[in-house]
Amino acid sequence: MTVFQYKAATTSGEIIDGVLTGLTREHVIAKLQSLGHVPIRVDESAAKTKRRSFRLRRERITDDQVGDVTRELSTLLAAGLPLDRALGILTSLADSDALTEMLENVRDRVKEGSTLADAMAAQDAVFSRFYLSLLRAGESGGALEVVLERLADHMESAKEMRSTLSSALMYPAILVVVAIVSIFILLGYVVPQFTQMFDGMGQALPLSTRITIAVGETVQAYGWMLVVLAAGALWFVRRQLADPKSAYKWHAWLLQTPFLGVIVVKMEVARFAHTLSTLLHNGIPLLKALTIVKDTMGNRVLASGIEKVTGQLKEGQSLADPLAEVPHFPSFATHMIRVGEESGELESILAKVAETFDRDTQVTIKRTMTLLEPMLILVLGVVIAAVIISILVAILSINELVI
């Protein structure tokens, strides 16, 4: 939306000026006329537009905000409010400039005769392809508020899964950070303090003590390089993931890693089944639904497999047979989908598959964390114990030499 400065005359003859946002100059003129004003001058405000655009680029509309808007819009429509009025209420309740601007834009386009899906599709990738496809299906079927409620449920389910994973990883992440910092302090600061005590002993020091002191001095002298290398490795991985070919290799490696690969597969299969079930339930054809599902999957290896399945469906094959050839796709899910196709209950079977794999994902995450946490504590304890023992052995050796 562009910012315009205007000067207009009211019905009482008073001259007023101010600022309005609109798609075009004619759009702003129409707004003024609808308010009963006579436009005198309407000019684009370059400075204000620039500042506003900069602010909107800094702000990002989050998935949580989209989910809240979807739920509230469904409630308002179910209460019998017209779409444009419901959007106006949501605009007044928006908690950020970016969200307010987006909702104003959607409302203006709807007032001009655009469908809600088309108006939302024009909002710079705020809404996913999955979201827009369901919205179009709801509008064409006359059940917009129902589809919006299902979309809100879907987004809340995805949010809950992300929250579960984040909560499960929080404690191990803190434990790893504390372990690394503790080891760095121990080797880089504490151990070098004993160096003067051991000066002059040379080869009389036990091997374990000499190794510990050498490592400590290295950390003290070149610890900053380790931090730089860690930052460089993080930058390299992020750059690799931004490239499709490199990301495919990383995602393939991720699927083969113990524990983590199993979790990723179960999460992706649950997302696949839940999304496909929702699309089919709202009347989206299977072929188009699979194309949308492919775009929602986070792992490129599995997404590539789904893309091949789509190509084989065009040739007349069933869904289950080519799906069985997708790498890492669980055979249980494939068998369930085959049963769904044969019984004509594919949509409900997919919903059960999604529920099963959602539950399995949570159980697997809990089991993995149950094993990971004591392992991290054990590793940290062993490292600290090894350092302390190597120092104590050297002190005992000094006492023996003195005696």
Taking the convex hull of the alpha-carbon atoms of region 61-127 and averaging its shadow over every direction gives an area in square nanometres of 4.0
Around E139: net Lys/Arg minus Asp/Glu count, Cβ-Cβ under 12 Å: -1
Quick check for me: using +1 on Lys/Arg Cβ and -1 on Asp/Glu Cβ, what's the dipole size of the chain about its Cα centre, in debye to the nearest 20? 840
For L226, L372, what's the fewest-to-most ordering of other Cβ within 10 Å of each Cβ? L226, L372
Let me confirm the definition first: pairs of Lys residues in region 151-295, 8 or more apart or on different chains, C-alpha distance under 23 Å. How many are there? 6
Give me the lysines in straight-line cross-link reach of K7: C-alpha distance below 28 Å, same-chain residues under 8 apart excluded. K31, K48, K50, K111
Tell me, what HN-Hα J-couplings in whole Hz come from the Karplus equation 6.51 cos²θ - 1.76 cosθ + 1.60 at θ = phi - 60° for each residue of region 272-278, using x for Gly and Pro? 4, 5, 5, 5, 5, 4, 5
Select one label from (i) 1.42; (ii) 1.01; (iii) 0.94: the one whose number is Cα Rg over 2.2 N^0.38 Å as derived from the coordinates shown. (i)
Taking only Cα atoms of region 91-220, radius of gyration then Dmax in Å: 30.1, 89
What ranking do 329-335, 254-260 get when scored by the average of other Cβ atoms within 10 Å per residue, highest first? 329-335, 254-260
On a 0 to 90° scale, report how tilted helix 129-141 is relative to the longest principal axis of the chain, with both axes built from alpha carbons and the result rounded to the nearest 10. 30
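Each reported figure results from applying straightforward, stated rules to the coordinates on display, with no laboratory input. Computed from a predicted model, the values in this text were never measured in an experiment. Neighbour counts run over all protein chains shown; Cβ positions are idealised from the backbone, glycine included.
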